[in-house]
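K.L.:
Sending over a structure as structure tokens; questions will come in a sec.
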Amino acid sequence: MQNRTLTILMVLAMIAWGSTWVSAKILMGYFDAYSLIFWRFFFSALGLVFVLFISKSSFKIDSKGLFLAFVSAMGLIAYNYFFFLGTHFGEAGFGGVLVTTLNPILTFVFIAIIGRKFLNISDMIALMFGAIGVLFILKIWQLDISFNRGVLYFILAAVTWPWITIVSSYFKNGSALAFSFYMFSFTALGVLVLFLNLKVPSLNILDSVGWINLLALSLYGTTFGTSIYFMATSIWGGRKASGYFFLVPITALFFASVFLAERIDIFTIIGGIFTILAIYQLNGYNLIDIKQKALFWRT
């Protein structure tokens, strides 16, 4: 696959991830959080079955992979519970900036703590950018506004995400898409057993708007976005693929403004820029090499 084609697909994938924040807020008007988690990952797992067949990838993973998929799925349940409640009580665009930029920063911090890693100057600068960005996004000088219920759930979602990232990083043998299939399947099954008393939620409450957003959340936002991201990481490597992550908070803000009429706060934008700079710094991007990017687009 040409770099240009994969670049376009990656942009679409990041847009898909950004759109999930709006779909989640809309769908919380139809479902409770646990029911929405079930349907999101039920359809996402079905979508991955199609992707695995088309790509002729194997469904086989070893027992360790299944265990890691199960543990990651428990983290996905917690993350999505906080994610959906955050969008329900808070603003989708705000959450899309706060959580998606805070996720990789907190993941880095947790990994550094677990591995007892000594932070160098570059890491400390990145974390300083991240801290400044988060303070701007939260408008820390307005505590009565910043720490409402929606913001609390967004913070809990961001804190939960490193669990999923760190556990899934131990999966080494097998297809990443197959691992995602089992992780999504365990997520749907887990929430059905633990929180829904084995009662499959009804879909009869959905109208055309609900169906569009449910399919957009599960198939476009999750199945398509995940598949393209894994494809990009396998071809480019994780470092280059992660460079496209900045599109997620931008598109989340855009979609929330267009479809939910949410006001784009200047402090959220400023904070988002600082946290994006932090993510880039943590991933080793110090300066943008214009010549290299021009050569990249010619291939």
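K.L.:
Could you grab me the full set of residues in the stretch 10-34 that are assigned to a helix (DSSP H, G or I), modelled with pLDDT of 90 or more and out of contact with any Leu (no Cβ under 7 Å at 6 or more places or on another chain)?
P.N.:
Of everything in the stretch 10-34, those that are assigned to a helix (DSSP H, G or I), modelled with pLDDT of 90 or more and out of contact with any Leu (no Cβ under 7 Å at 6 or more places or on another chain) turn out to be L12, A13, A16, W17, S19, W21, I26.
To keep it simple, each residue is scored yes or no on (1) among the hydrophobic types (A, V, I, L, M, F, W, C); (2) within 19 Å of A78 (Cα to Cα); (3) crowded, with 19+ Cβ neighbours inside 10 Å; (4) under 15 Å from the mean Cα position of the chain (by Cα).
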{"residue": "I164", "(1), (2), (3), (4)": "yes, yes, yes, yes"}
{"residue": "K172", "(1), (2), (3), (4)": "no, no, no, no"}
{"residue": "V193", "(1), (2), (3), (4)": "yes, yes, no, no"}
{"residue": "N197", "(1), (2), (3), (4)": "no, yes, no, no"}
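K.L.:
Here is a follow-up. Just one of the numbered conditions (1) modelled with pLDDT of 90 or more; (2) in contact with a Phe, Trp or Tyr (Cβ under 7 Å, 6 or more places away or on another chain); (3) β-branched (V, I, T) is not true of I166; which one?
P.N.:
Unmet for I166, out of (1) modelled with pLDDT of 90 or more; (2) in contact with a Phe, Trp or Tyr (Cβ under 7 Å, 6 or more places away or on another chain); (3) β-branched (V, I, T): (1).
K.L.:
Mind checking which residues of the stretch 1-30 are buried (at least 20 other Cβ atoms within 10 Å of the Cβ), small (G, A, S) and closer than 14 Å to W211 by Cα?
P.N.:
S23, A24
K.L.:
Now a separate question. Only one of (1) touching a Lys or Arg at 6+ places or on another chain (Cβ under 9 Å); (2) among the aliphatic types (A, V, I, L, M); (3) at pLDDT 85 or above is not met by M183, so which one is it?
P.N.:
Condition (1) is where M183 drops out.
K.L.:
While we're on this one: One residue is enough: does the stretch 146-169 have a residue meeting the conditions free of Cβ contacts under 8 Å to residues at least 60 places away in the same chain and among the charged types (D, E, K, R)?
P.N.:
Scanning the stretch 146-169 turns up no residue that is free of Cβ contacts under 8 Å to residues at least 60 places away in the same chain and among the charged types (D, E, K, R).
K.L.:
Identify all residues within the stretch 109-151 that are at pLDDT 75 or above and aromatic (F, W, Y); write none if there are none.
P.N.:
Passing the criteria: F110, F129, F136.
K.L.:
Now a separate question. Would you mind finding the one in S122, S72 that is of a type in the set (S, T, N, Q) and within 23 Å of I270 (Cβ to Cβ)?
P.N.:
Values: S72 fails: within 23 Å of I270 (Cβ to Cβ).
After ruling out the rest, the residue left standing is S122.
K.L.:
Determine whether M74 is at pLDDT 95 or above, of a type in the set (A, V, I, L, M, F, W, C) and either surrounded by fewer than 14 Cβ atoms within 10 Å (Cβ to Cβ) or not in a loop (DSSP other than H, G, I, E, B) (or both).
P.N.:
Numbers: at pLDDT 95 or above: yes; of a type in the set (A, V, I, L, M, F, W, C): yes; either surrounded by fewer than 14 Cβ atoms within 10 Å (Cβ to Cβ) or not in a loop (DSSP other than H, G, I, E, B) (or both): yes.
Criteria met by M74.
K.L.:
Contact list please: Cβ distance under 7 Å, first residue in the stretch 194-212 and on the phi < 0 side of the Ramachandran plot and of a type in the set (A, V, I, L, M), second residue at pLDDT 95 or above and part of a loop (DSSP other than H, G, I, E, B), pairs at least six apart or on different chains.
P.N.:
I205/Y30; L206/Y30
K.L.:
While we're here: Filter the stretch 202-221 down to the residues that are of a type in the set (S, T, N, Q) and part of a helix (DSSP H, G or I), then identify the one that is surrounded by the fewest Cβ atoms within 10 Å (Cβ to Cβ).
P.N.:
Filtering the stretch 202-221 for residues of a type in the set (S, T, N, Q) gives 202, 204, 208, 213, 218.
Pick out the ones that are also part of a helix (DSSP H, G or I) and you get 208, 213, 218.
Numbers: S208: 7, N213: 23, S218: 25.
Among those residues, the one meeting the criterion is S208.
K.L.:
Checking Y81 against (1) buried (at least 17 other Cβ atoms within 10 Å of the Cβ); (2) part of a helix (DSSP H, G or I); (3) in contact (Cβ under 8 Å) with a residue 60 or more places away in the chain; (4) of a type outside the set (S, T, N, Q): exactly one of these is not met. Which one?
P.N.:
That leaves (3) as the condition not met.
K.L.:
For F41, state whether it is assigned to a helix (DSSP H, G or I), more than 14 Å from the chain's Cα centre (by Cα) and either buried (at least 20 other Cβ atoms within 10 Å of the Cβ) or at pLDDT below 95 (or both).
P.N.:
Working: assigned to a helix (DSSP H, G or I): yes; more than 14 Å from the chain's Cα centre (by Cα): no; either buried (at least 20 other Cβ atoms within 10 Å of the Cβ) or at pLDDT below 95 (or both): yes.
Answer is no for this residue.
The values are calculated or read from the model by the stated rules, or taken from the named source; none is laboratory data. Keep in mind the model is a prediction, meaning the values are calculated, not measured. Every residue, glycine as well, gets a Cβ built from its backbone with ideal geometry; the counts of neighbours run over all protein chains shown.
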